[in-house]
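Heads up, the thing below is written out as structure tokens.
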Amino acid sequence: MDRPPVGKVEDLATLAKLDEKVLLAELKTRYYNNDIYTSLKYNLSKKSENPPHIFAIADSAFQCMVNPLLEAFGNAQTKMNDNSSRFGKYIQLSFHNGQVLGAKISEYLLEKSRLTFQSSGEESFHIFYYMMAGLPKSKQEQFCLQAADKYRYLANGIAGISNDRQMSKKHYEELLNALDLVGFTDEEQYDMFTVVTSVLHLGNTMFEEDDSDHSEIQDMAPVSVVAKLLNVDEQDMAGCMTSIVTITRGEHVKRHYSKAQAEEARDAIAKILYGRLFGWIVNKINQLLAPDHEVPQNESREIGILDIFGFEHFEKNSFEQACINLANEQLQFFFNQHVFKQEQEEYVKEGIDWQEIKFVDNQPLLDLFLARPVGMLSILDEESKFPRATDLTLVGKFNKNFTSSSYYKPIKSTQESKFSICHYAGEVTYDARGWLEKNRDTLPPGVMEMLQGSQNALVRSIFKAQVTRTGTLAFQGRKSTRKTRKGGHRPSLDAARKRKQTVGAQFKNSLQVLMERMTSSTPIFIRCLKPNHVKAPGNFNEKYINQQLLYTGMLETTKIRREGFAVRPSFEDFVNKYKVILCKPLLTGSRDNCSKILRATSIKGWQVGKTKVFLKYFHVDQLTEVLEQMGKSAITLQRIVRGFLARRHFARKLEVARQQAEKIAALLSQIEGLSMKMLNQQEGVKQQDKDIPQAFFGRPGSVIEPNYPPPVPDFPYKDLSHVGGASIASSHRYLEPQPSKKFADFGTQASDSDSEVSDDEFVPQNSKAHPGNKEASKNWFQETQATQIYDPMASNFIAEWFHGVISRRQSENLLKTKATGTFLIRVSESRFGYTLSFKGENRVHHYMIDQLRNKKFIVVGEPKVHKTLKDIIEYHQNNRISNWKGFLTDPCGQESGECDYGDLVNENFYFTLQAEIQRQKTGKPRNIRESNYRAPPPPPSELVNQGPPVPNRNYSVAFSGRSQQQSKRPLPKRPDEAYNRLLSNQEKTHAFGQRDKK
């Protein structure tokens with residue numbers, strides 16, 4: 001059989017010949033064709049007509065919301081990748097009936113050391129560069145920001161800002177939109193940027209030593225800025241970085257740091273600030289993305305996506321690279337266990353004919369790192385307990401314990417704190433300098449207490465949170481249910497603090513939890529290959545690619561996928577699913593019956609073991625095709641039999657109708673005879689007895705009409721003995737189905753139809769009020785939405801485009817005669833939200849508007865988040881909405897008749913408006929605390945004195961204050977107290993003079 005052209009094979013396991021050369025040629029051709037996904041048939045379902053892709057639905061649902069946010073704070077540019085993830089994450093997406101319920105993220109090992117130092121050609125986290133390019137000047141002044149080249153922590157990233165400033169500004173805007181979309185409030189966003197900018201200023205704190213080798217701060221200006229941003233005492237901040245105070249025999253003893261110690265203290269504060277902020281962001285995302293309602297566990301499904309750093313080998317490899325590569329070793333072990341070891345062990349156990357495929361088992365290397373009590377991480381933790389331990393003593397213990405291992409290679413020089421590890425992906429040389437401090441992750445005394453007492457709510461919150469055994473932040477204080485080794489009680493909080501877990505121990509726990517989750521799932525493995533190591537597009541480095549294929553075992557993987565048995569159902573499951581092939585519904589699940597079914601299909605290459613049937617991945621498609629063919633045959637038989645039964649049923653009904661018609665005709669004939677007989681008798685009586693009145697015998701001239709009763713219908717079949725045969729065709733014509741309505745412009749349409757410390761637990765938060773009826777929507781609007789319809793330019797302060805709880809049909813009636821682009825926003829009756837309705841070229845379009853948890857709004861299906869309903873209107877007057885080529889133009893006001901929003905506007909509405917007017921006059925945004933808010937520059941004087949117009953006293957008629965006259969339909973009556981107070985304030989503001997008040 002001819003093989004497909006090179007590069008056209010999407011499933012490599014289907015190739016008859018596959019060696020190193022063929023695999024490389026296929027990948028190279030697909031790379032240049034931009035076919036970046038290639039399958040090895042890990043999925044067990046029937047092949048799709050679509051090319052291979054990675055969780056397309058789940059990915060698209062998650063990308064626009066969370067990825068920009070996590071990438072901004074957790075990704076950075078490295079020599080190998082311009083957008084390298086500097087933390088690991090496990091994303092759990094929950095589904096019910098095909099709909100996404102919610103999501104949860106677990107984060108692992110954020111590379112905090114990148115904050116204080118970046119190698120040449122690398123950058124810090126993206127967020128710093130986004131801020132520098134995107135923050136408006138007013139906010140830069142609030143955060144006391146200067147040019148990027150003024151900050152030590154950004155020393156290697158200045159070029160990235162200047163060379164691609166517009167792209168960084170675009171990413172900043174996408175970040176703000178993602179924050180709004182997920183649900184972060186304005187106040188929370190402000191505090192986030194406060195913490196991030198404080199890290200930059202902290203890095204500019206410089207030290208010098210006096211004659212006693214005591215550290216002193218050269219310039220207090222950066223410390224002063226940091227203290228103000230974090231709302232802590234300036235002297236406390238300076239003291240934490242330069243000295244330590246201990247209590248000895250009741251006396252306070254102050255010990256000064258050296259310059260090096262002070263710099264370490266400064267960097268430690270910066271790292272814990274950023275690290276805890278990142279943990280809070282992930283925790284907050286989990287809160288906001290938790291399911292809205294509970295679903296029974298047996299009805300929900302979950303997709304888990306592990307996105308973790310790839311194998312790293314730099315010029316200098318430190319503690320972070322060791323942990324990253326250890327995680328990759330653990331994943332490679334899991335891959336080998338799942339693909340090779342467990343599968344082949346089952347073949348042997350089931351006694352099928354199989355020739356073993358060799359693979360590299362990296363269990364000994366995992367033992368080198370993780371074994372107890374003599375493993376590299378155990379020795380690192382032990383050395384971290386000794387204050388006098390150094391990087392050289394650590395490497396010395398490594399050399400002493402692991403020289404005999406074939407995976408460990410010591411460096412001969414005794415003054416070098418280096419050693420090499422032979423990983424599955426190649427040999428890596430590590431530099432142990434700084435390992436002990438990074439593993440301890442110690443914080444200068446007094447820092448925790450200082451930050452816990454901050455007047456900034458966010459800073460105070462993240463430093464009062466506890467750290468779990470995997471290193472994540474926990475704000476709920478839930479107790480772990482894990483059993484202790486000795487006794488049944490948990491250790492006290494003080495004891496837990498004394499035995500603070502090291503970073504290495506937290507990472508080991510994270511790996512353990514991660515492996516437990518993956519073991520309980522059905523994994524799908526995705527191997528990412530880097531085409532070159534110079535980050536150049538269109539450059540396929542064959543040697544570099546081939547090296548990756550070799551150490552990931554892709555040839556062996558392809559071989560076991562092609563020759564192995566990916567599908568292994570039990571006898572009972574197999575028979576229950578495929579017994580229809582033998583047309584024996586009572587077939588039992590035995591070994592012989594499984595063989596009979598398979599032999600009946602004529603497929604080749606299967607085997608039957610002791611308890612299971614062993615099928616290759618393509619056998620599923622072949623069996624499915626057999627079932628589909630049998631299904632088509634069954635449908636044909638059903639069609640013939642149902643036709644036969646229908647015709648016979650029709651013939652029987654026809655015969656019954658004939659018999660009934662004949663009986664009715666006979667009855668009517670009898671009645672006619674009796675009538676004639678009675679008529680004759682009546683005529684005889686009339687002739688014999690002249691005294692009987694004529695009226696006694698009924699209406700004169702009454703006669704029985706001829707042609708009555710109606711004739712028996714003429715039936716088409718003369719010989720009923722053959723009715724029901726296939727040769728007889730029915731003369732009945734069935735009605736043709738009406739074609740369904742077609743809509744040319746179909747978008748996201750709205751409808752008003754009726755209808756130890758443990759990780760934090762993010763449970764569904766059910767709303768107390770349930771939408772679904774007009775009364776509930778009315779209460780929701782009155783309690784939470786009054787200010788959304790405020791328009792100072794409108795005569796009665798209510799925006800002209802606003803309408804009440806009206807139906808889809810009512811909105812279409814309002815818009816049908818209007819010009820294209822005319823719009824309105826109405827309150828939904830079936831849910832808590834709004835609907836944007838506007839006139840298109842051929843019909844009226846409807847788009848749902850949802851209010852997010854941070855009280856902002858989004859048009860469902862659109863990426864942009866808006867602060868108010870008015871912002872939505874203004875935005876789409878200049879930007880197109882999806883699935884429509886036009887823009888919003890004119891608002892659709894009220895028509896003559898009764899006002900449709902009258903029942904929504906209660907007496908509190910006008911009191912609420914006064915607060916809104918005052919907020920707009922001061923220019924202060926909502927949700928910003930006084931301590932963090934600085935007023936923007938005052939507006940021009942001509943705008944300051946311009947307030948809302950004096951309302952007309954005639955409540956029943958709308959005052960025409962616009963070029964386009966608003967409706968004259970009755971408006972809700974304003975309460976006297978609110979109206980008089982508004983009038984008084986406006987008279988004072990505009991000096992209108994004294995007016996008569998009633």
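Looking only at the range 767-790, decide whether some residue is in a loop (DSSP other than H, G, I, E, B), within 30 Å of Gly902 (Cβ to Cβ), at pLDDT 85 or above and open to solvent by 20 Å² or more (accessible area, probe 1.4 Å). No, that holds for no residue. Inside the range 824-835, residues that are over 16 Å from Asp900 (Cα atoms) and open to solvent by less than 20 Å² (accessible area, probe 1.4 Å) make up a count of 1. The set of residues from the range 458-476 being in contact with a Leu (Cβ under 8 Å, 6 or more places away or on another chain), over 18 Å from Asp441 (Cα atoms) and open to solvent by 20 Å² or more (accessible area, probe 1.4 Å) comprises just one member, Arg460.
Taking helices (runs of 4 or more DSSP H) as the structural unit, those lying wholly within the range 535-641 and holding at least 1 residues that are hydrophobic (A, V, I, L, M, F, W, C) and in contact with a Phe, Trp or Tyr (Cβ under 8 Å, 6 or more places away or on another chain) correspond to 554-563, 591-601.
Taking the range 250-259 as the range and being open to solvent by 60 Å² or more (accessible area, probe 1.4 Å), under 16 Å from Asp210 (Cα atoms) and of a type outside the set (Lys, Arg) as the test, only His256 passes. Mind checking which pairs have a first residue in the range 209-224 that is within 14 Å of Gln235 (Cβ to Cβ) and open to solvent by less than 50 Å² (accessible area, probe 1.4 Å) and a second that is outside any helix (DSSP H, G or I) and modelled with pLDDT of 90 or more, Cβ under 9 Å, 6 or more apart or different chains? These pairs meet every condition: Ile217/Thr205; Ile217/Met206; Ile217/Phe207; Ile217/Glu208; Val223/Thr205; Val223/Ile217. Of Leu370, Leu366, which residue is open to solvent by 20 Å² or more (accessible area, probe 1.4 Å) and more than 30 Å from the chain's Cα centre (by Cα)? Answer to the check: Leu370.
Within the range 229-249, which residues are surrounded by 15 or more Cβ atoms within 10 Å (Cβ to Cβ) and on the phi < 0 side of the Ramachandran plot? It would help to see each step written out before you state the result.
First pass over the range 229-249, keeping only residues surrounded by 15 or more Cβ atoms within 10 Å (Cβ to Cβ): 229-232, 236-244.
Within the range 229-249, Leu229, Leu230, Val232, Asp236, Met237, Ala238, Gly239, Cys240, Met241, Thr242, Ser243, Ile244 meet the criteria.
Residues that are closer than 15 Å to Trp801 by Cβ, open to solvent by 40 Å² or more (accessible area, probe 1.4 Å), at pLDDT 90 or above and not hydroxyl-bearing (Ser, Thr, Tyr) within the range 880-898 comprise Phe887, Asp890, listed in sequence order. Screening Asn283 with (1) assigned to a helix (DSSP H, G or I); (2) closer than 15 Å to Thr442 by Cβ gives one miss only, at (2). With a requirement of 3 or more residues that are buried (at least 19 other Cβ atoms within 10 Å of the Cβ), the helices (runs of 4 or more DSSP H) lying completely within the range 106-193 that satisfy it span 126-134, 165-182. Take Lys341 and decide whether it is among the basic types (Lys, Arg), open to solvent by 20 Å² or more (accessible area, probe 1.4 Å) and under 27 Å from Ala72 (Cβ atoms). So Lys341 does not fit the description; no.
For every residue, the table says whether it meets (1) open to solvent by 30 Å² or more (accessible area, probe 1.4 Å); (2) out of contact with any Pro (no Cβ under 7 Å at 6 or more places or on another chain); (3) farther than 20 Å from Tyr901 by Cα.
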residue	(1), (2), (3)
Ile798	no, yes, no
Ser811	no, yes, no
Gly821	no, yes, yes
Phe838	no, yes, no
Ile849	no, yes, no
Lys856	no, yes, yes
Lys864	yes, yes, yes
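Residues in the range 57-105 that are in a helix (DSSP H, G or I), at pLDDT 90 or above, open to solvent by less than 40 Å² (accessible area, probe 1.4 Å) and out of contact with any helix residue (DSSP H, G or I) (no Cβ under 6 Å at 6 or more places or on another chain): 2 in all. For the condition assigned to a loop (DSSP other than H, G, I, E, B) and out of contact with any Pro (no Cβ under 7 Å at 6 or more places or on another chain), Lys530 qualifies.
The values are calculated or read from the model by the stated rules, or taken from the named source; none is laboratory data. As the structure is a computational prediction, the values presented were derived from the model and not from experiment. Glycine gets a Cβ as well: all are built from the backbone with ideal geometry, and neighbour counts include every protein chain shown. Accessible surface is based on the protein model in full, side chains and every heavy atom, while ligands, DNA and RNA are left aside. Shrake-Rupley method; radii C 1.70, N 1.55, O 1.52, S 1.80 Å.
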